[in-house]
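The values are calculated or read from the model by the stated rules, or taken from the named source; none is laboratory data. Note that this is a predicted model, so its numbers are computed, not measured. Neighbour counts run over all protein chains shown; Cβ positions are idealised from the backbone, glycine included. The protein model used for the area step is the full one, side chains on, heavy atoms only, and it has no ligands, DNA or RNA in it. Shrake-Rupley method; radii C 1.70, N 1.55, O 1.52, S 1.80 Å.
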Amino acid sequence: MNKKRFFTCISSIIFFLLIVSGSNAQKFDSLLNILDTRYPQERIYMHYDKPYYNPGETIWFKSYIFSGAAPSSISTTMYAELITDKGKIIDRKTIPVFGTTGASSLDIPDSLKSSLVYVRAYTSWMLNFDSSFLYMKPVRIIIPDATVVKKKEPSWLLNFFPEGGDMVAGIESRIAFKATDDDGLPVKMKGDIVDSKGQKIVSFSDIHDGMGYFSFKPASGEKYKAVWKDSKGVIKETPLPAAKEKGVVLNMNIVGNSISYTLFRTVDVPANYKILQVVGQMQQQPVYIAKINMTSKESVTAPIDVEGVTDGIMQLTIFTEDGLPIAERIVFINHHNYYFLTDLHITDKNLTRKGKNTIQIDVGDTLMTDISISVTDAVVSPTDKEEGNIFSGILLTSDIKGFVYDPAYYFSNTSDSVQTHLDLVMMTNGWRRFKWDDVVAGKWATIKNYPQPYLTVTGNVLGLLPSELSGGKELSFIVSTKKGNGQFLTTPVNNKGEFALKEMFFFDTARLYYQFNNDKEKRLTSGASFSFKNSFLTVSDRQITNLRSFLKPVLPDSSIQKRNAALNKLRQEEFFEGIKVKELEAVKVIARTKSPQQKMDEDYTSGFFTGGDSRNFITADDPLAQSAQSVLQYLQGKVAGLQITTNGPTGGSLTWRGSATSLFLNETNADISMIQSISMSDVAMIKVFPPPFYGASGGGAGGAVAVYMKKGQAANSDVKGLSFVSVAGYTPIKEFYSPDYSKEADVNKNDYRTTLFWSPHLVFDKRNRRMLISFYNNDNAKKIRVVLEGVNEQGKLTREEKFFE
């Protein structure tokens, strides 16, 4: 597994205070290396077209998958589920991952009565680890005709978090706190800390979004509590965690990019508490390893050199000399190097009814970049504080447990106040992707789900003797999709009867016909039985019981709710009125005649190959196709920008914009020799996609050529006599509808769309750094919201959000 590394392993030697121990450093470095190489972690962020939906609508999304600080190279398949607030899965998609992203949609039933659903997303690899880190997001549903009920006065909760983990008697330490209502939303809070006699020790009040901290020195044997008032003015009491009699206190100091820590110990700690190991790690990569000798000192302060360390959460853990973790703190390293620049502006603005608008996007670097963009009616889908963004999703919320309110705020600017507020989040949330206790003890995760290269079908041949399976037996397969496209495959069978078909790729379902090679009489094939297993995960229609209760979103304000509900009601009324008209009247339907290209596209293509900005060549009625000796010779000079060279009957090359052009035969990856060996009389259609073509590995920087054989040519007459098994492929991709009113016959029809434009894959490179996007307004939008998010090949992120009115 090739993974890009962006981390530097740093050892600091501070004379008299720090003594770096080579053996201990090697021990922790070795443990982290095992975690990183054997148990790398994946995390997902999803960009949605809008924050609010109505029953019957489609949730459009784009997924970005990371591992460590870089785009993930682990999984090629991900799963997305739509789950009700009762835990029932109501829609599920199996999605191919290209590069580091995947895109699809989830359909909300029009009969849904709940105002809340969840989107859960994961890869099979992620299921091997803590389920708390699976992607989970609440989505708000506007229920038509629902009465906007004023929310009851919520109860308040107050939690305390001693820095490092514990309060220790006789040592002053910082105690962070977090005040929320029962939905997890922040509330203003102030109160007093009092001892067992009711004597006031210190006052506290929140600094930002219900979070704050105070410092005090607990006395030995004393118990403390916080006295505060709830939303109704009722006095409440919350006990503080009990202070330990002996131990070590950790204090972090952050000033700009300068980070240091101080360790305090009690006088009478055990001997193993006097020589401490300090380990700082980010994404299972060591960034700081040191040993501190506190034999003759009760406090030590030391800096951490984070120069060259990537942005993100660092976990600092203090161990006793014999490896027992006794204190821990997370801190956000922020050099503001996690993003790249994009420019988004509107070149043609027309917010009249069904007016045409054009947006220009410019990418500020030359790296391969994958961007998603949504354009919505800003009145019904304004900015939402629980929405988050790609910065907070990748760098913050995917790495900590617990709900973070308004996560996008912590990446809104580079001011010291924002950095201070982000550190409050660090002090009041835990990082627990792994537990050091288990790691030190050698308790590793049990791996049950291994990532497969796209769709893999494994199987067994049963009922044959070992001697009958010896001698290098092979199975032949014909993969036949619903579109009629076929593909020949062969795979070896070992002497145990095991075989595997790897890196298969198709949408919907396919029939897999099979027999042994050179088994013309079908003696071996008919004498055996076969079992097949699809590598895709399946989930029964059961309730999900581990929905996190803190993921309860606040309802949108009444104006947004009423506007969404009103639009949805109009849509429903128009739909049912249309049904009545069809029932009562004899309707004469005049269908538009489909062009030969459209018919061929419907009959032969699927997924990313359907439609698109392609040049289509139908060979049946083209005399030049019949006289051409090969596909490459036929295409020469037909497509501007596509550079073709031929080298003999099976050689040659195709490039576009300096990059190799991807080749497909019946939508399966092919090479030059395969394409050149096909007789033009067997070719039904050729589609040429300009760069970038995202159905190709790596983003298709050189575009793609897809060759389709005539139906019946890819599968021979022997199919009729072969056994077959049906195999489920990827979920078919639904195409976002974007009307073109310059061509529409009836521009007077009602347009209630709230998402005006959605495109999950805009791919840029060094030759393609500008793109123009055109779309039409709906009937009512006077203000539109445009959100652009993306990632480049180095793992840097971008986001632009603008409003136009």
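Can you pull the one-decimal nm distance between simple spin-label points at Asp348 and Phe803, each 7 Å off the Cα toward Cβ? Each label point is offset 7 Å from its Cα along the Cβ direction, giving 2.6 nm. Here's the picture: charge each Lys and Arg Cβ at +1 and each Asp and Glu Cβ at -1 in segment 604-690, and of Tyr604, Gln629, Gly651 the one pushed furthest to the positive end of that dipole is Gly651.
Of the heavy-atom accessible surface of the chain (probe 1.4 angstrom), what whole percent is carbon and sulfur? About 50 percent, which is the carbon plus sulfur part of the accessible surface.
For the pair Asn272 and Ser220 in one chain, pulling the backbone fully straight at 0.36 nm per residue adds 16.5 nm over the alpha carbon distance. Here r is the Cβ-Cβ distance between Lys197 and Thr414 and R0 is 41 Å; the resulting FRET efficiency, rounded to 0.05, is 0.30. Listed by number, the DSSP H helices of the chain that run 15 Å or longer by alpha-carbon position along their axis and have mean Kyte hydropathy of at least -0.5 are 22-38, 416-427. Neighbours of Leu396 by Cβ distance under 13 Å: Lys/Arg scored +1, Asp/Glu scored -1, total -2. For segment 591-684, the square roots of the Cα gyration tensor eigenvalues, ordered a ≥ b ≥ c, give a/c of at least 1.5 with a/b greater than b/c, which places it in the prolate category. Shown in residue order for segment 195-211 are the 3J(HN,Hα) couplings computed by the Karplus curve 6.51 cos²θ - 1.76 cosθ + 1.60 at θ = phi - 60°: 8, 5, 8, x, 7, 5, 9, 7, 9, 9, 7, 6, 9, 7, 6, x, 10 Hz (x for Gly and Pro).
Extension gain, Gln26-Glu521: 0.36 nm per intervening residue step, less the Cα-Cα distance, totals 171.9 nm. Ordered from largest to smallest accessible area (heavy atoms of protein chains, 1.4 Å probe), the residues Arg753, Arg615 come out as Arg615, Arg753.
Under 14 Å from a label point set 7 Å out along the Cα-to-Cβ vector of Gln626, the amide N atoms of segment 666-698 belong to 680-683. The residues of the chain have, on average, 45 Å² of accessible surface per residue, using a 1.4 Å probe with all protein chains present.
Tell me whether segment 119-254 comes out rounded, prolate or oblate; compute the Cα gyration tensor, take square roots of the eigenvalues as a ≥ b ≥ c, and use a/c under 1.5 as the rounded threshold. Here segment 119-254 falls in the oblate category.
Label sites at Asp110 and Lys743, each approximated as a point 7 angstrom past Cα along Cα to Cβ, lie 2.7 nm apart. Between Asp671 and Lys599, what FRET efficiency follows from the Cβ-Cβ distance if R0 is 51 Å, with the result rounded to 0.05? About 0.95, to the nearest 0.05. Residue separation of Ser231 and Asp85 scaled by 0.36 nm, minus their Cα-Cα distance, works out to 49.8 nm of gained length. Of the labelled figures (1) 11, 22, 21, 23, 19, 4, 0, 0; (2) 13, 40, 33, 13, 1, 0; (3) 13, 41, 37, 9, 0, only one reflects P(r) over Cα pairs in 20 Å bins from 0, in percent as derived from the coordinates, namely (2).
Computed from the C-beta positions of Lys246 and Thr446 and an R0 of 41 Å, the FRET efficiency is 0.65 to the nearest 0.05.
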